[in-house]
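Here is the structure we will look at.
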Amino acid sequence: MDTTNKNEGRRDFLKKSTALAALTIASPALIKAGDNDEKIAAYFEKVPLELEINGQAYKLSVEPRVTLLDLLREQLGLTGTKKGCDHGQCGCCTVHVDGKRINSCLSLAVMSHGKKVTTIEGLAKGEELHPMQEAFMKHDGFQCGYCTPGQIMSAIGCIREGHANTAEDVREYMSGNICRCGAYPNIVDAIMEVKKGGKQL
Amino acid sequence: MINFEYTRVNSAKAAVAAKSKNVAAQFIAGGTNLVDLMKKGVTAPQRLIDINALPLKDISSDAKGLSIGTLVPNSVAAENKLVLEKYPLLAMALNAGASAQLRNMATVGGNIMQRTRCPYFYDITMPCNKRIPQSGCGAMEGYNRMHAIFGASDKCIAVHPSDMCVALAALNATVVISGTKGEKKIPFANFHRLPGDTPELDNNLQTGELITAVHIPANRFNRSYYLKVRDRLSYAFALVSVAVALEVTDGSIRSASIAMGGVAHKPWRLTEVEKYLIGKSITANVFKEAAEIGMKNAKTYQHNQFKVKMGKSAIVEALTKATS
Amino acid sequence: MDKNNLSETFFADDDRVDGLAKVTGKAKFTAEFKPAGLTHAVFVCSTIAKGAIKHMNIYEAKNAPGVIDIIYYLNCPAVPGYKPVDRIANPNARDFTGLKVFHNNMVVSNGQPIALVIADTYERAVHAASLVKVEYIKEKSETDFDKNKFNDKLLKPRPEYVRNQKDAWKNAEVFLEEEYTMPVETHNPMEMHATIAVWEGGKLTVYDKSQGPKNVQGELGRIFAIDEKNVQVITEFVGGAFGSSLRSWPHVHAAVIATKKLNRPVKVTLNREQMFTMVGYRPQCWQKIGIGASKDGKLTGIAHHAVSNTSSYEDFTEGISSVSQYLYDCPNVFTTYKILPLDINTPTWMRGPGPGTGCFALESALDELSYKLNIDPIELRLINNAEVHPQSKLPWTTKFLKECYALGKEKIGWHKRPTTPGSLKEDGMLVGYGMAVGVFGAGRNPATAKGILKNDGTLLLQSAVSDMGPGTSTAMVKIGSEQMGLEEKKVRFELGDTDFPTGPTQGGSGSATAVGSAVIAVCDAIKLSLKEIAIESIAGFKNVKPENIKYEAGKLIAANNVSIHFMDLLKETGKPEVQVSKSSSSFAQRDKYATNSFSVHFVKLHVHPVTGVIKLKHMVSAADAGKIISEKTARSQMVGGAVGGIGMAMTEESLIDHRYGRYINSNFVDYHVPVHADVPPMDIVFPNQPDYIISPTGAKGIGEIALVGVAPAILNAVYNATGKRVRDLPVTPDKLI
């Protein structure tokens, strides 16, 4: 596919339509003489984003193309959420948005505006681990540990959604989380134990 | 991924207006398919119109049937009481698709709009008439194990990847659409297209139009089943799938509605089979004959010949499961 | 240097020592470090399989926002190690055979890295990479293994092996000859490969996803002509690898080239698609086995032929057909092996390399033979059990394969297995039982470790190895704790840093024996030092010989029952710590013993009689892995290997469209690895018999035998359930309808 013309056209479009049109209403202080096109474009290519992550409020300015996953990992240093495929095919990037488990790699960060995000870093209360974290340690629900944060976030979702009544259920509803080390049976044991523990997650 | 403009809208009217102004704009809801396609460079919208704030998240029913708002997440639809009670086929199909996380994100409208998983469509270095008209079809002479056996053209042999849509097709759903000229409804069977000479068009939605809901009419089906055969036991696209809805009284089939997935560019209704089944009793031979009829006009390619036999098996098994 | 702070990761009971770091998200993997001024780099990759780059237009990409540089063959600084070596000056030096990244305009595989785009953010690098335009001079490429597997003009034969008669199997009372094929399988660890390189003041620091940090250090020193002591490689957490990180791939070199050119830290990350084209894979393989036996089941001859693929620029081989030389007692054996160069990137070792592929064919063939003979498959194997190594006639250091049969047979309920295929049904599903054997070499590689025993009662151990998941740290802590009589939480093992003493590359199931032996040597030396200190400074130990002092639970005890705890000893003598580095050598008795670990895998499964869908119901693996050092992690390794075997048997297949020489399923949607739903409950059993001949750890290694033999066990169970013998992996539902 020849993307050259399209992309050139696109940048022109941005400059002409959004950026330049918006210039007329923006504070002139923002646009200093000598700023090149790219800086102006970059300014207007970013959009404001307010969200809460692990109980902390963030006021950010991000490019719309930045995924929630890359925002967490690259910009906010929250590297506990992992990138395993970047296409919603492995579950390593699972986080909770407003309490629901989702793939953060297919979610644009800007779409989480006004929402509450919970990552693996937000589970433990100080020294006290979340019951699912404890169960994963007890049952050795991992080997390399890379898919683990996603598995744990997904496992909590699995129980909350009411899909952990049987081991067979757990296997089906956890199938969005790939573990290449093959810790699956241990993960299922961990989830069943937490489920039986009956704690509100 | 190239950067793009991003706007949020609060009403269907505003959404339609925003899109009508810019042909290179696209709606985004769950984003599970669109963001993926953008990352692969398959599509590069200049502007994304975020419709998540639209009030189209209700599921309601009346005597005429069930309405599901376009923004209802797949997981919510799959576990909705009304859906489970009246249209368990839809719940089964929804749960057979993707993963729990993706079902939490993906919306009903987005599922209808999802594009094919043909590898030649996804790889921008390959020829694909659907991605770039007139560039050729990579799959025709290439690796086509997952491809169509019904309704394909010499331009495209891709299949529609959705499970949900197969059930909606069998349930005679209607797609409710909002456009600049107001609201319109398209029967599900007419919504998705066969590739013909214009495989770039997946469906009959016009530029600027927005799916606002799906309506499923009340029916008399009292037996149903969704069978999906895939390469692993979960989180994989269908090799073939079958949605069966039957009205059975006193061991005899009064009416039938059957659709298949993984076999065509759109959910594939087995109308001949449906006709055949009317008045038949529930026997293995009847199901076997139904399967033969269903697969009668299949056209296979180098790697997907198995789909004929598998399709027959799946029809028999789905009918058996539905009636047992 | 920024590193993981793991001092808080002390653990409890039998948990994995790095478990806390992993379940809290605190464990930082390679791509997660952020040296000041870090830049983000991604590759532009070739879209043809063979030819040359005619022109690369980088203008638009170079001018895209945030782009710092684009490195490709026309502007890439010369890499010293890519030049042919001077064999006269250095007779032992070898030319670099891997892909010389950005070295010239030649394209040798589709997906080959041809330019590196470096930008200030990841998104900008990715976008700019899409703007690079490449014109090629295309040549006809050949990637079709099936078409060329018998093409003698292309094939490169390896030495044949003949024991007595080549074709004895043909004259046997009962015999068969069948072909078995396996597609390309890709490692696909969950963590995608990444390298961060920092060139600063003549010192190179590299964060790398590697199974062998010392290996990477040595290679980068050689390739970039930097004194090894100025190269530091850090690889503390490795998110799986299974062989893909056994060597350095082009992205590691590219990161170093870039940081040296730009004088800024550079992070190169691969995407999932590039994981198929840049970091190796298990090669495609065709095998043919002729096997014959007398009516009472005694093997009389095996002929095992194998062809697997390699790249056009490197010869990659693994011991595939050689398993038939030694797994069973058979008087006549003939094996051949040829490699087929194709226009694809070079394959590499993947979990259970060689026997993983070879046992699929041999153990399938043996199962087929068992039905022809009407002898139970376990009985057939017992009849042909090799008491000594059939090739060398040497005894094994230890061999508890028979115990594995017995343990596993019991656990799976082998007596329920139908002797007639397709005859047993459960809930409308066809039921099948199958079993197969796995084998892998055992041994001991050299390793060095450092130990620091402190007067606060803690022991710190260090070695420059990496832990991709098996639990090396956990095992080493257990060994250290046992040796020094300390609670496990008082012992810490640090790894993944070339500043530590030399450790081996993690591969071939050798970490426990190698590093464990070094740890034992360190502990012995620490004990001796403590004794010497006591003799010199403590009244009751004066004139006592070290060998007459016992060390028990942290205490030194002389014959006269005078005792002192090492903490008191160190405190009283004013020593904060005792520090020792010790090496252990490689296994030196190869002329006296054969060394192998063994496994037997058992499977119970259901096959849907109509749709052909397989549902695994129960799996049991029994492993003769020597002494089990850490039961919990050992069990997990076995389970993980079995899951890998499920993938090999049922789901995994990397596919190339030969018209383009390009993978068409290089993603997790189309390349199916097993998911939760595919994996049944599993039982793992160990005879747990130590092998102290191989090493003082008693271990023999687990990682490979966990997988080797699993796939044929599944295929054998499928046959038992359906009467359909599938000899072409993977066994997807379409093959059973």
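The values are calculated or read from the model by the stated rules, or taken from the named source; none is laboratory data. Because the structure is a prediction, the values reported are computed rather than measured. FYI the Cβ positions are ideal-geometry reconstructions off the backbone, even for glycines, and counts take in every protein chain you see. When the accessible area is computed, the model is the full protein with side chains, heavy atoms only, and any ligands, DNA or RNA have been set aside. Shrake-Rupley method; radii C 1.70, N 1.55, O 1.52, S 1.80 Å.
Observations, loosely collected:
- Of all residues in the range C:211-233, those satisfying the criterion of being within 27 Å of C:G25 (Cα to Cα) and open to solvent by 10 Å² or more (accessible area, probe 1.4 Å) are C:K214, C:Q232.
- Some residue of the range B:272-291 being open to solvent by 60 Å² or more (accessible area, probe 1.4 Å), away from chain C (no Cβ under 12 Å), in contact with a helix residue (DSSP H, G or I) (Cβ under 9 Å, 6 or more places away or on another chain) and closer than 30 Å to B:C118 by Cβ: yes
- Those strands (runs of 3 or more DSSP E) of the range B:162-259 in which 2 or more residues are open to solvent by less than 20 Å² (accessible area, probe 1.4 Å) and not acidic (D, E) occupy B:174-179, B:210-217, B:223-230, B:238-249.
- Selected residue (criterion: nearest to B:L319 (Cα to Cα)) from residues of the range B:80-118 that are open to solvent by less than 20 Å² (accessible area, probe 1.4 Å) and assigned to a loop (DSSP other than H, G, I, E, B): B:Y87
- Within this structure, A:A183 passes the test of being open to solvent by less than 10 Å² (accessible area, probe 1.4 Å) and either over 22 Å from the mean Cα position of the chain (by Cα) or more than 12 Å from every other protein chain (Cβ to nearest Cβ) (or both).
- Residue in the range C:621-635 that is touching a residue at least 40 places away in the same chain (Cβ under 8 Å), open to solvent by less than 10 Å² (accessible area, probe 1.4 Å) and closer than 27 Å to B:E141 by Cβ present: no
- Figure legend. Inter-residue proximity from the range C:307-319: first residues within 15 Å of C:G354 (Cβ to Cβ), second residues open to solvent by 40 Å² or more (accessible area, probe 1.4 Å) and of a type in the set (F, W, Y), beta-carbon distance below 9 Å, spacing 6+ or different chains. Indicated pairs: C:V307/C:F150; C:F316/C:W349; C:E318/C:W349.
- Test: C:G480 is outside any strand (DSSP E or B), open to solvent by less than 30 Å² (accessible area, probe 1.4 Å) and over 29 Å from C:K617 (Cα atoms): yes
- Residue match in the range B:310-320 (condition: over 22 Å from the mean Cα position of the chain (by Cα), crowded, with 19+ Cβ neighbours inside 10 Å and more than 10 Å from chain C (Cβ to nearest Cβ)): no
- Against the conditions (1) open to solvent by 30 Å² or more (accessible area, probe 1.4 Å); (2) within 29 Å of C:A61 (Cα to Cα), B:L34 satisfies every one except (1).
- Leading residue by the ranking (nearest to C:A31 (Cα to Cα)) among those in the range C:161-193 that are outside any loop (DSSP other than H, G, I, E, B) and of a type in the set (V, I, T): C:V184
- Pick from the range A:153-170, criterion at the interface with chain B (Cβ under 8 Å from one of its Cβ atoms) and not in a loop (DSSP other than H, G, I, E, B), ranking: surrounded by the most Cβ atoms within 10 Å (Cβ to Cβ): A:S154
Condition check ((1) within 14 Å of another protein chain (Cβ to nearest Cβ); (2) surrounded by fewer than 24 Cβ atoms within 10 Å (Cβ to Cβ)) across all residues:
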{"residue": "C:E653", "(1), (2)": "yes, yes"}
{"residue": "C:H658", "(1), (2)": "yes, yes"}
{"residue": "C:N667", "(1), (2)": "yes, no"}
{"residue": "C:H672", "(1), (2)": "yes, yes"}
{"residue": "C:D678", "(1), (2)": "yes, no"}
{"residue": "C:P681", "(1), (2)": "yes, yes"}
{"residue": "C:D691", "(1), (2)": "no, no"}
{"residue": "C:A721", "(1), (2)": "no, no"}
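- Subset of the range C:144-164 [open to solvent by 60 Å² or more (accessible area, probe 1.4 Å) and within 14 Å of chain B (Cβ to nearest Cβ)]: C:D146
- Residue in the range C:437-445 that is touching a Pro at 6+ places or on another chain (Cβ under 8 Å), β-branched (V, I, T) and open to solvent by less than 20 Å² (accessible area, probe 1.4 Å) present: yes
- Sole residue being open to solvent by 10 Å² or more (accessible area, probe 1.4 Å), at pLDDT below 95 and out of contact with any His (no Cβ under 9 Å at 6 or more places or on another chain), chosen from B:V76, B:V42, B:V23: B:V23
- Of the residues making up the range A:46-69, those that are in contact with a helix residue (DSSP H, G or I) (Cβ under 6 Å, 6 or more places away or on another chain) and either more than 9 Å from chain C (Cβ to nearest Cβ) or touching a residue at least 24 places away in the same chain (Cβ under 8 Å) (or both) are A:V47, A:L49, A:L51, A:N54, A:V62, A:P64, A:R65, A:V66, A:T67, A:L68, A:L69.
- C:E236 vs. criteria assigned to a loop (DSSP other than H, G, I, E, B), open to solvent by 10 Å² or more (accessible area, probe 1.4 Å) and either assigned by TED's automatic domain parsing to the domain that holds C:V79 or within 21 Å of C:F500 (Cβ to Cβ) (or both): yes
- Scanning the range C:307-364 for residues that are within 22 Å of the chain's Cα centre (by Cα), among the acidic types (D, E) and surrounded by 20 or more Cβ atoms within 10 Å (Cβ to Cβ) gives C:E318, C:E363.
- Between A:S107, A:S175, the distinction of being within 7 Å of another protein chain (Cβ to nearest Cβ), under 29 Å from A:L60 (Cα atoms) and buried (at least 23 other Cβ atoms within 10 Å of the Cβ) belongs to A:S107 only.
- The residue of the range A:138-152 that is farthest from the other protein chains (Cβ to nearest Cβ), among those that are of a type in the set (G, A, S) and free of Cβ contacts under 8 Å to residues at least 60 places away in the same chain, is A:G141.
- So A:C105, is it closer than 26 Å to B:R103 by Cα, under 10 Å from the mean Cα position of the chain (by Cα) and modelled with pLDDT of 50 or more: yes
- Among the residues of the range C:108-143, those that are surrounded by fewer than 15 Cβ atoms within 10 Å (Cβ to Cβ) and within 13 Å of another protein chain (Cβ to nearest Cβ) comprise C:E135, C:K138.
- Test for B:K296: is it in a loop (DSSP other than H, G, I, E, B) and either open to solvent by 60 Å² or more (accessible area, probe 1.4 Å) or within 14 Å of another protein chain (Cβ to nearest Cβ) (or both): yes
- Within the span defined as the range C:695-714, one or more residues are under 14 Å from C:T397 (Cα atoms), among the small types (G, A, S) and under 20 Å from the mean Cα position of the chain (by Cα).
- All of (1) open to solvent by 10 Å² or more (accessible area, probe 1.4 Å); (2) within 10 Å of chain B (Cβ to nearest Cβ); (3) β-branched (V, I, T) hold for A:V95 with one exception: (1).
- Residue under evaluation C:I737, criteria (1) open to solvent by 10 Å² or more (accessible area, probe 1.4 Å); (2) at pLDDT 95 or above; (3) of a type outside the set (S, T, N, Q), criterion not met: (2)
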